[in-house]
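What follows is a short report on a single structure.
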Amino acid sequence: MSTFALVDVNNFYASCEKVFDPALASKPVVVLSNNDGCVVARSAEAKAMGVPMGVPWFKIRATFERAGGVAMSSNYALYADMSNRVMTLLGNMAPGQEIYSIDESFLDLTGLPNPVAIGRKIRHEVLRHTGLVVCVGIGPSKTLAKLANHVAKKAVHDRSGVCDLGAMTQADLEGLLRHIDVGEVWGVGRRHTESLARYGIRTAWDLRQADPETLRRRFSVVMERTVRELRGTSCLQLEEVVPAKQQIISSRSFGAPVRRMGDLQEAVSLYVSRAAVKLRRQASLATVVQVFIMTNRFKSEVPQYSGALAVPLTEPTDDTLRLLRAARYGLQRIYRPGFEYVKAGVSVFGLVSSTGWQPGLFEAPGRAVERGRRIALMAAMDQVNAKWGRGTLGPGVVGLQESRVWSMKRGKMSLRYTTQWDELPLVLAK
């Protein structure tokens, strides 16, 4: 029988902030979205206060701060590095790993003795090396492991932070699942929850007892698979190799409205550079570049406009400069003066593998040599940026300034404690 574990960092973004600032230890903390717009993460204390996810910051700011709460801007460099550390630790503690999200990872514990003891060791090691608290859910299928993690996190069964549904007696399991809403089951969203309720299925136990063939006819094969997974039959294997994305989007809302073409060109160029890096990282080439710009549709008192244009490429590429040329051509076609633009972005799609693509039989002489030089140039640029930091080397139009008119607002951002030498945390020993 298979044994899976789902390891999830508790309140990940807020916990990363607390690790490096002891003053935040017992305070309610929320992390804000781009431009400090909405709440995207909450500490346990903030959740206890009833702060809802996604609420606009201006609506709760006064009440939250009066109660001693602290808001932080998103610090993606810190979160990404802390995630990498956690995932590396977890990968060394199990024979198989699937990184499911920035703060969640499935582990394959099949054949290993005493999974609960392994779960406790995982909690201890992650806390010791990173200062982050994780919960561990264990089960004979990925769906049960995910549900067990929910049980561990909510302390439904006990407060150990580890729950093994596969080790429970049938009576204990039934008693537990009867008190879990069916919407908490992995893959059952709000719409399915409402539909299942019409058939009298309201709890995880109800769904487990339902006839999988009937649910397949009424819903889909995915729902049938969920029922079988809840019964302990493993239908979903560990995906240790992440499939390449079929589309890459890079966009941001601006910190302030932008009118000038030059500012839009800077922003779009930066987004193209980031998309190109992702293309090269997953060994893909794009055949189409789409660029888009838009005004603030929520401000009805200002003139509204949005434009987008897809530009096909003559040859699949991951070359930043070629992608940039296409995106700038598209931007020039869609730009209209006199509007206040609040967002721009690029999307590259029609992706093909860079290892499988072959040039045409009749391409111009010397094209292969030129292509080789550009590949070497992109590789050198990626190496420089990997060693000295993102944005150290890039196309001139992107600019090397850290702050621009359109830069994202992050007025409450913490330091990049783990990735910048000049922002390392200082410790005073007496």
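The values are calculated or read from the model by the stated rules, or taken from the named source; none is laboratory data. Given the structure is predicted, the values throughout are model-derived calculations rather than measurements. Glycine also receives a Cβ, built like all others from the backbone with ideal geometry; neighbour counts cover every protein chain displayed. Ligands, DNA and RNA are excluded from the accessible area calculation, which covers all protein heavy atoms including side chains. Shrake-Rupley method; radii C 1.70, N 1.55, O 1.52, S 1.80 Å.
Of note:
- Test: residue in segment 345-367 that is touching a residue at least 40 places away in the same chain (Cβ under 8 Å), over 11 Å from Leu285 (Cα atoms) and touching a helix residue (DSSP H, G or I) at 6+ places or on another chain (Cβ under 6 Å): yes
- Residue count, segment 358-400 (criterion: within 33 Å of the chain's Cα centre (by Cα), surrounded by 10 or more Cβ atoms within 10 Å (Cβ to Cβ) and at pLDDT below 80): 6
- Leu144 vs. criteria in contact (Cβ under 8 Å) with a residue 60 or more places away in the chain, of a type outside the set (Gly, Ala, Ser) and in a loop (DSSP other than H, G, I, E, B): no
- Test: residue in segment 340-361 that is under 30 Å from Ser300 (Cα atoms), assigned to a loop (DSSP other than H, G, I, E, B) and in the same structural domain as Phe254 (by the TED database): yes
- Residue match in segment 308-320 (condition: assigned to a helix (DSSP H, G or I) and either under 24 Å from Gly394 (Cβ atoms) or not assigned by the TED database to the domain that holds Ala380 (or both)): yes
- Sole residue being under 16 Å from Val352 (Cα atoms) and either over 26 Å from the mean Cα position of the chain (by Cα) or not charged (D, E, K, R) (or both), chosen from Ala327, Ala267, Ala275, Ala310: Ala275
Per-residue answers, yes or no, for (1) in the same structural domain as Ala386 (by the TED database); (2) more than 25 Å from Ala379 (Cα to Cα); (3) more than 22 Å from the chain's Cα centre (by Cα); (4) open to solvent by 50 Å² or more (accessible area, probe 1.4 Å):
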{"residue": "Tyr199", "(1), (2), (3), (4)": "no, yes, yes, yes"}
{"residue": "Arg218", "(1), (2), (3), (4)": "no, yes, yes, yes"}
{"residue": "Val222", "(1), (2), (3), (4)": "no, yes, yes, yes"}
{"residue": "Val227", "(1), (2), (3), (4)": "no, yes, yes, no"}
{"residue": "Arg259", "(1), (2), (3), (4)": "yes, yes, yes, yes"}
{"residue": "Tyr271", "(1), (2), (3), (4)": "yes, no, no, no"}
{"residue": "Leu279", "(1), (2), (3), (4)": "yes, no, no, no"}
{"residue": "Phe292", "(1), (2), (3), (4)": "yes, yes, yes, no"}
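- For segment 349-357, the count of residues that are exposed (fewer than 14 other Cβ atoms within 10 Å of the Cβ), out of contact with any Leu (no Cβ under 8 Å at 6 or more places or on another chain) and among the hydroxyl-bearing types (Ser, Thr, Tyr) is at least one.
- Residues satisfying the stated conditions in segment 164-190, i.e. under 25 Å from the mean Cα position of the chain (by Cα), surrounded by fewer than 18 Cβ atoms within 10 Å (Cβ to Cβ) and either at pLDDT 90 or above or closer than 20 Å to Met1 by Cα (or both): Gly183, Glu184
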